[in-house]
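The values are calculated or read from the model by the stated rules, or taken from the named source; none is laboratory data. No experiment lies behind these values; they were computed from the predicted model shown. Counting neighbours? That spans all protein chains shown, and the Cβs are built from the backbone with ideal geometry, glycine included. SASA here: full protein model, heavy atoms, side chains in, ligands and nucleic acids out. Shrake-Rupley method; radii C 1.70, N 1.55, O 1.52, S 1.80 Å.
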Amino acid sequence: MAVSVKDNIFSLETRNTLYQMKADEFGVLYHLWYGAKTGCSMDYLLDYPDVGFSGNPYDAGNRRNYSLDTLPLEYAGSGAGDFRIPAISVTHGDGSTALDLRFREYRLTKGKYSIPGLPAVYAGEDEAETLEIVLKDKASDVEVILKYGILEEADVITRSAVVTNKGSDAVVLNRVHSLCMDIPGGDWEWVHFHGRHNMERQAERMPLIHGIQESGSGRGTSSHQQNPGVLLCEKSCGENTGFCMGAVLMYSGGFQAQAEKDQLDQVRFVMGIHPGSFSWTLAPGESFYTPEAVLSCSGEGMAVLSQRFHHVIRNHVCRGKYKLGPRPVLINNWEATYFHFDQQKILDIARQASELGIDMMVLDDGWFGERDTDCSGLGDWFVNENKLQGGLQNLIAQVNGMGMKFGLWFEPEAVSEESRLYREHPEWAIRIPGRKPVRGRYQLLLDLSNPEVVDYLYHVLSKILGENHIEYVKWDMNRSFCDWYSAVLPRERQGEAPHRYILGLYGLLERLTRDFPEILFEGCSGGGGRFDAGMLYYCPQIWCSDDTDAHERTFIQYGTSFFYPVSAVGSHVSAVPNHQTGRSASLKTRGIVAMAGSFGYELDLNCLTDGEKEEVSRQVREYKEYQELIYDGKYYRLSNPFEDGMSAWSWVSEDRSRVLVHGVVFRAVPNSLRRRLKLSGLDKQAKYKVSDSGEVYTGAALMEGGILLPWLHGDDAAFELYLTR
Ligand code: DGJ
């Protein structure tokens, strides 16, 4: 059993980690430990300092040193003597806001819990256990059930909470986090992934200062600007040594992750739905389910931590036909044509692609309605006959005739004011009555908290997917949310609109992915603006960024790799000069960088020279040859592009017999020594042969001394090494 309970101490053990809690004599639930297995109760670390202005709960009598403000809590209430950030805050029927949660009981079951309406880690009956800890407010009838999924072999703990109003008055939830824990002392460093459109998931690491450090999004999406994945590391933690823990929220809406270093240098960590755009009214008898936070930790540095997340996301989050197997190499017409294409143009691109071994033609934005620019047409999901004479069926038949699959772009959640849909249903767009809405890329968003809108989208999309041989869908979404208001919600429930939108979106994706299990869904939000584990539950890959510049991509893919597996990363070779940056990386470099993902092309192949076409066809063959290693191998970051002047990464097969090393050196330096790169994850005792040179080195030498990289010419020069044992 992964979970043992003794004297109200709960020990959740995975293969390499221990998560421990304790309910004390007052029913206060402590967080004792998350880290290496210790073989004992960690409650000996508890201390009870008498700290001025940290008050005492009434039931502790005259124990001045017993304070909720100093104890390490597992799920902090609010307004009851703990002044740190709360996990939950509510407004009771009488307007008061205190919530003092105490332990009631626990339940242990086999298998992993699921969450109604929300994506969650799944596992077989024998792969996981579920622990439920029931807490209740001392004075009201608010009950909180903390749920823990323990995936023993995967070294993963999941958390979520269910809040139930068991009283007779409505209760308003102002914040309900999925995860809260107080981490004992230590000089923690916070690693988060910030950015913007075209520049997502830039890794940043900094020591925690006293006060609150936050990553979050109030944009209604998990966002380009911050990603719902953060790490806490010990100062000494690097890629291959030291302790770190990480958490990702399986949620695609606004989120908040906060770490507070308190007056005693203890750290509280919380994560969940962003409270800034959230409130939820619980009528008597109603329950609220939080999204799930997925946790892991490693005593062997960040590489192992990332590999655990890659494993759990591939095996216990992604679903469907394409969850583990190879994905088609695709050609997408967006950067080749933007809105300016007709059937002939698309067929020309497809024909050239098929000759070079590419598997699938993806038709991007502009095929529908009056969509000749981004000012109009969204919402009108019927074919634009001016561009595609003969319709989709005719086009698809011809593409299929070339031996290629066909994929299609949609942006189902948005609507242009210049569209038939908007003229017929202006009330379906999100906007506040009496205010002009903010537009993003000229468009508005449809109110997916309205079941009628969700049903409409389901029927329109099902019809197109049912009537045409479409084998891939790119699900795009191109703006941030504001003007929150839902015509179907009463005044007192307007704060529920953002979360109800996400529930509507997930419901729609669930129905479509269930009805069309053969279709590969790729998520997208202006590139990687909704790159999160929630979307990965429905779409096993996500377009990583609209920035296809190989140099920039190495930074974006570096940040993405901390939590998300390579198979989840949509990554394409595009034309030079690059459309986003004007840089001109070689075709080799663009190929090497795009291979660290679900590979494809996004340019007009007809514009390439014969030599370049040969190189494309070689790249496609190479990717197919290595795809299994790239997807199933253990991924290692071999450099930090922000510090090392280069980006290097590798995949090592499970049995450590095959190693593929890829990288890009950013700047050519004259009269210099060759660069030395230390490898990771090899068998120290074994001998490895470098395939091009035939040289043989021990695993220990390659990891301790490194390997000399070949001479490289020019900026952003890529290299590839393949080693076998
Ligand atoms: C944003 C996406 O990220 C691009 O790849 C492309 O699909 C455009 N939208 C189309 O409008």
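Normalised per residue, the accessible area of the chain is 37 Å², obtained with a 1.4 Å probe and no contribution from ligands, DNA or RNA.
Which chymotrypsin sites (Phe, Trp or Tyr not before Pro) does the range 1-110 hold that lie in a coil by DSSP with at most 10 other beta carbons within 10 Å? Numbers along the way, then the final one.
Numbers: sites: PHE10, TYR19, PHE26, TYR30, TRP33, TYR34, TYR44, PHE53, TYR58, TYR66, TYR75, PHE83, PHE103, TYR106; in loops: PHE26, PHE53, TYR66, TYR75, PHE83.
For chymotrypsin sites (Phe, Trp or Tyr not before Pro) across the range 1-110 that sit outside H, G, I, E and B with at most 10 neighbouring Cβ atoms in 10 Å, the list reads PHE53.
A simple rule links phi to the HN-Hα coupling: the Karplus curve 6.51 cos²θ - 1.76 cosθ + 1.60 with θ = phi - 60°, which for the range 517-524 gives x, 7, 8, 8, 9, 10, x, 6 Hz, with x for Gly and Pro.
Proximity of backbone amide H atoms, modeled 1.01 Å from N, is registered between GLY242 and GLY301 at under 5 Å, excluding neighbours fewer than 5 places apart on the same chain. The mean sequence separation of alpha-carbon pairs under 8 Å and at least six residues apart, normalised by the residue count of the range 357-410, gives a relative contact order of 46 percent.
Assuming charge only on the beta carbon of Lys and Arg (+1) and of Asp and Glu (-1), the dipole of the chain about its Cα centre is about 740 debye to the nearest 20.
Along the charge dipole of the range 3-316, pointing to its positive end and built from +1/-1 on Cβ of Lys, Arg, Asp and Glu, which listed residue (PRO49, THR70, MET302) has its Cα farthest out? About the Cα centre, the residue reaching furthest to the positive side is MET302.
In the complete set of protein chains, residue-level accessible area for LEU324 is approximately 70 Å², probe 1.4 angstrom.
Rounded to 0.05, the FRET efficiency of the ALA170 and THR373 pair, given R0 = 56 Å and the Cβ-Cβ distance, is 0.75.
Simple point charges give the picture: +1 on the Cβ of Lys and Arg, -1 on the Cβ of Asp and Glu, and for the range 476-538 a dipole about the Cα centre of about 220 debye. Of the residues LEU101, HIS499, VAL665, the one whose Cα sits farthest toward the positive end of the charge dipole of the chain, with +1 on the Cβ of Lys and Arg and -1 on the Cβ of Asp and Glu, is VAL665. Loop only by DSSP, 11 or fewer other Cβ within 10 Å of the Cβ. Give me the GluC sites (Glu not before Pro) in the range 10-111 that pass, ordered by residue number. Taking the range 10-111 and a limit of 11 other Cβ atoms within 10 Å, the loop GluC sites (Glu not before Pro) found are GLU25.
Between the range 318-389 and the range 581-605, what is the C-alpha centre distance in whole Å? If we compute the Cα centre of each part, the gap is 18 Å. If R0 is taken as 51 Å, the Cβ-Cβ distance between ASP7 and ARG725 corresponds to a FRET efficiency of 0.55. Available extension along the chain between PHE666 and PHE339 is 114.4 nm, counting 0.36 nm per residue and deducting the alpha carbon span. Expressed as an acute angle from 0 to 90° and rounded to the nearest 10, what is the orientation of the C-alpha long axis of helix 451-467 relative to the principal long axis of the chain? For helix 451-467, the angle is close to 30 degrees.
Think of each Lys and Arg Cβ as +1 and each Asp and Glu Cβ as -1; about the Cα centre, that makes the dipole of the range 330-631 roughly 500 debye.
The residues packed around GLY93, meaning those with a beta-carbon under 11 Å from its beta-carbon, carry a net charge of -3 if Lys and Arg are +1 and Asp and Glu are -1.
Only protein atoms count toward the accessible area here, which uses a 1.4 Å probe; on the chain, the carbon and sulfur part of that area reaches 49 percent.
With a cut-off of 13 Å, note down the residues of the range 584-611 whose backbone N falls inside the zone around a label point 7 Å from the Cα of ASP715 toward its beta carbon. Taking a point 7 Å out along Cα→Cβ of ASP715, the residues of the range 584-611 whose backbone N falls under 13 Å are 584-586.
Compute the helix-to-body angle for 550-560: its Cα long axis versus the longest principal axis of the chain, expressed 0 to 90° and rounded to tens. Result, in degrees: 30. Seen against the Cα atoms of the chain and their longest principal axis, helix 302-316 is set at about 80 degrees.
Report the extension gain between ASP187 and PHE26 in nm, rounded to one decimal, defined as 0.36 nm multiplied by the number of residues separating them, less their alpha carbon distance. Intermediate values should be presented prior to the final figure.
Details: separation 161, 0.36 × 161 = 57.96 nm, distance 3.03 nm.
That works out to 54.9 nm of additional length.
In terms of overall dimensions, the range 330-631 has a Cα radius of gyration and Dmax of 19.4, 65 angstrom.
The Cα atoms of the chain cover 85, 69, 44 Å along the three principal axes, with the biggest extent listed first.
When the trypsin sites (Lys or Arg not before Pro) in the range 655-692 are filtered for DSSP coil states and for at most 12 other beta-carbon atoms within 10 Å of their beta-carbon, the remaining sites are ARG667, ARG674, LYS684.
Considering only ALA293, CYS180, VAL569, and ranking their Cα positions along the charge dipole of the chain that arises from unit charges at the beta-carbon of Lys, Arg, Asp and Glu, the one farthest toward the positive end is VAL569. Once you sort the root eigenvalues of the Cα gyration tensor of the range 54-126 as a ≥ b ≥ c, which label holds: rounded (a/c under 1.5), prolate (a/b larger than b/c) or oblate (the other case)? Verdict is prolate for the range 54-126. Name the shape class, rounded, prolate or oblate, that the alpha-carbon gyration tensor gives for the range 3-316, where a ≥ b ≥ c are the square roots of its eigenvalues, rounded holds for a/c under 1.5, and otherwise prolate holds if a/b is larger than b/c and oblate otherwise. Rounded, because the longest to shortest axis ratio a/c is under 1.5.
Computed on protein heavy atoms with a 1.4 Å probe, the accessible areas place ASP182, ASP692 in the order ASP692, ASP182, largest first.
Shown is the FRET efficiency for ARG107 and LYS323, computed with R0 = 51 Å from the Cβ-Cβ distance and rounded to the nearest 0.05: 0.95.
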